[in-house]
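**Student:** A single structure is presented below for examination.
The values are calculated or read from the model by the stated rules, or taken from the named source; none is laboratory data. Note that the structure is predicted; figures quoted are calculated from it, not measured. Cβ placement follows ideal geometry from the backbone for every residue including glycine, while neighbour counts extend to all protein chains displayed. With ligands, DNA and RNA removed, areas are computed over all heavy atoms of the protein, side chains included. Shrake-Rupley method; radii C 1.70, N 1.55, O 1.52, S 1.80 Å.
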Amino acid sequence: MTEKELLKQLNKLRTINAEADFKAANRQMLLAQITQGEEVKSLGYLAQLNIFMSRLFQPYAIAIMIALFFVASGAYGLTISRQAKPGDSLYLAKKLSERTKMLVAFDEKTKARLNLEFASNRVLEMNLLKQDNNQSSAKETLKNDFKNEINQAKSRLAKNQPEAKSDKTNDFKTAGSVKDNDHIDVAVPDKKVATTTNQGAGIGEVLEEAQKLFDTGAYDQAADKLNEANKLVK
Amino acid sequence: MTAKPQTDKSSNKSDRNIFLSLKKYQDKEAFMQAYDLYFDQIFRFIFFKIGNREDAQDLASATFLRCWGYVQEGKLKSEQEYKSLRSFLYKIARNLTIDYYRQARPQASLEEAEEIAADFNPGLIEAETSIEVEFITAKLKELKSEYRNILVLKYVNDLTISEIAPILGKTKGNVRVTLYRALEALKNLTRDHDGEGITKTIK
């Protein structure tokens with residue numbers, strides 16, 4: 001293959017693009033993220049004129065005009081996107097936003113918090129859908145999503161347990177040395193270990209309760225339990 | 001040495017305006033314009049690193065979010081360092097891809113993460129792509145990640161040498177040398193095939 005043919009082949013790789021639906025939904029999500037409910041910031045007159053004049057004679061001028069239209073109409077869509085429920089056009093943008101947040105979160109604790117936040121979102125959405133009898137499929141999906149978020153939160157929080165174990169090991173060594181000094185109160189648990197273990201167990205129990213409340217349709221109480229769990233994680 | 005790729009001058013001009021609008025005014029409209037211009041390019045760059053469409057889309061999305069974060073914090077780098085906004089976006093994308101692999105292997109060093117990232121699987125490319133695309137993609141896979149990255153940046157996404165240098169943390173001279181070697185390596189891999197023949201044989 002000659003170099004020319006090779007470059008031609010490489011150029012053909014430009015046909016690999018992101019899915020159009022994803023791109024459009026993600027655009028809405030991004031717009032929602034960057035404007036955060038506020039109106040599109042207005043630049044000073046001179047700044048606007050300066051940028052406008054420099055862009056006016058470019059081939060992209062029309063595309064920019066279209067983009068401006070979408071930005072203006074998008075500002076309205078932002079607040080709606082946060083309240084979107086399954087079936088709404090902006091629901092995909094909301095879910096994408098969640099996935100992106102999870103993707104850029106680095107440590108397990110932050111991810112667990114995000115799982116709890118998303119579980120709360122599912123509770124709110126279920127509350128919005130509960131009166132609608134035509135949404136059984138969406139409700140089922142929400143139930144599964146809620147369960148997944150809770151399970152993921154539990155498993156991520158469990159990954160922090162080795163730290164507690166190592167504390168425990170050290171504390172038992174201390175207890176052993178106490179024993180060597182002929183004290184018989186070796187079995188008295190160290191306060192630090194007890195606190196760590198109880199906290200871990202506490203979150204697990206709270207999440208179990210949240211799951212049960214959600215399954216029985218007590219969504220407001222389930223949301224309260226999730227808030228409680230979130231505070232315990234901190 | 002090599003055929004000069006087509007350069008989209010209007011795109012570069014537009015890029016400068018966007019860069020300045022973001023740096024001086026944190027212009028949200030300009031940012032969305034950048035999204036429209038560059039999302040597919042950034043997606044493609046990540047896709048050729050990780051070989052998974054869904055994750056590549058998510059990472060491309062995260063790239064733009066992180067870029068906006070930098071804009072808000074006034075951390076948009078100077079034009080001298082990053083020749084264009086898209087250079088800056090590519091740099092963020094590259095770092096996020098490395099983070100992505102480090103999540104899977106937290107102990108991995110930067111070099112190891114890049115090597116894991118090199119474990120690209122072209123089999124994940126959907127059937128929608130043509131046989132010719134599959135062929136060249138398979139050949140790209142056989143190259144080391146450094147060569148693959150530079151070929152994608154230059155010949156697929158049309159970046160200039162000046163734009164590629166800060167993304168890969170190399171001098172312009174190094175970029176030219178690496179690019180030459182990468183193209184030679186790809187030529188060697190495709191030596192026994194001719195462009196027309198591939199299509200005829202496989203079809």
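**Student:** Considering every residue in A:22-32, what mean count of other chain Cβ atoms within 10 Å of its Cβ is obtained? The partial results should precede the final answer.
**Tutor:** Values: counts 8, 8, 0, 1, 8, 6, 0, 3, 9, 4, 0.
Mean number of neighbouring Cβ atoms from other chains: 4.
**Student:** Quantify how strongly other chains surround peptide B:22-32 by giving the mean number of their Cβ atoms within 10 Å of each of its Cβ atoms. Can you show the working numbers first?
**Tutor:** Numbers: counts 0, 0, 4, 7, 3, 6, 11, 10, 5, 4, 12.
If you average over the peptide's residues, the count of other-chain Cβ atoms is 6.
**Student:** Let me ask you something else. Give a residue-ordered list of calculated ³J(HN,Hα) values for segment B:173-186 (Karplus: 6.51 cos²θ - 1.76 cosθ + 1.60, θ = phi - 60°; whole Hz; x for Gly, Pro).
**Tutor:** x, 5, 4, 4, 5, 5, 4, 4, 5, 5, 5, 4, 4, 5
**Student:** For peptide B:156-168, what's the mean number of Cβ atoms from other chains within 10 Å of each residue's Cβ? Walk me through the numbers before you get to the answer.
**Tutor:** Working: counts 6, 2, 2, 0, 0, 0, 0, 0, 0, 0, 0, 0, 0.
That works out to 1 on average.
**Student:** Measuring from label point to label point, each 7 Å out along Cα→Cβ, what is the A:Asp21 to B:Arg16 span in nm?
**Tutor:** Simple spin-label model gives 4.1 nm for this pair.
**Student:** Could you rank the peptides B:147-158, A:211-222 by their average count of other C-beta atoms within 10 Å per residue, with the highest value first? All intermediate terms of the calculation are to be shown ahead of the outcome.
**Tutor:** Numbers: B:147-158: 22.7, A:211-222: 16.0.
Top to bottom by mean Cβ count within 10 Å: B:147-158, A:211-222.
**Student:** Using per-residue counts of other Cβ atoms within 10 Å, averaged over each peptide, order B:15-22, B:55-62, A:12-19 from highest down.
**Tutor:** Working: B:15-22: 21.2, B:55-62: 23.9, A:12-19: 16.8.
Ranking, from highest mean packing down: B:55-62, B:15-22, A:12-19.
**Student:** Still on this structure, I have one more. Please give the FRET efficiency for A:Asn127 paired with B:Asn174, using the beta carbon to beta carbon distance and R0 = 56 Å, rounded to the nearest 0.05. Don't skip to the answer; put the middle values down first.
**Tutor:** On the way: r = 58 Å, r/R0 = 1.03.
The formula returns an efficiency of 0.45 here.
**Student:** Now, a different point. Between their Cα atoms, which of A:Lys130/A:Lys212; A:Lys139/A:Lys159; A:Lys159/B:Lys75; A:Lys154/A:Lys225; A:Lys95/B:Lys154; A:Lys109/B:Lys91 are more than 25 Å away from each other? Mind dumping the intermediate values first?
**Tutor:** On the way: A:Lys130/A:Lys212 17 Å; A:Lys139/A:Lys159 31 Å; A:Lys159/B:Lys75 34 Å; A:Lys154/A:Lys225 14 Å; A:Lys95/B:Lys154 34 Å; A:Lys109/B:Lys91 27 Å.
Going by Cα-Cα distance, A:Lys139/A:Lys159; A:Lys159/B:Lys75; A:Lys95/B:Lys154; A:Lys109/B:Lys91 fall outside the 25 Å limit.
**Student:** Ignoring ligands, DNA and RNA, how much accessible area is buried between chains A and B, both sides summed, with a 1.4 Å probe, to the nearest 100 Å²?
**Tutor:** Values: alone 16590 and 11500 Å², together 22710 Å².
Interface area, both chains combined: 5400 Å², rounded to the nearest 100.
**Student:** Another question, then. Using 1/(1 + (r/R0)^6) with R0 = 25 angstrom and r between the beta carbons of A:Glu208 and A:Ala105, what's the FRET efficiency to the nearest 0.05?
**Tutor:** Values: r = 24 Å, r/R0 = 0.96.
For R0 = 25 Å, the calculated efficiency reads 0.55.
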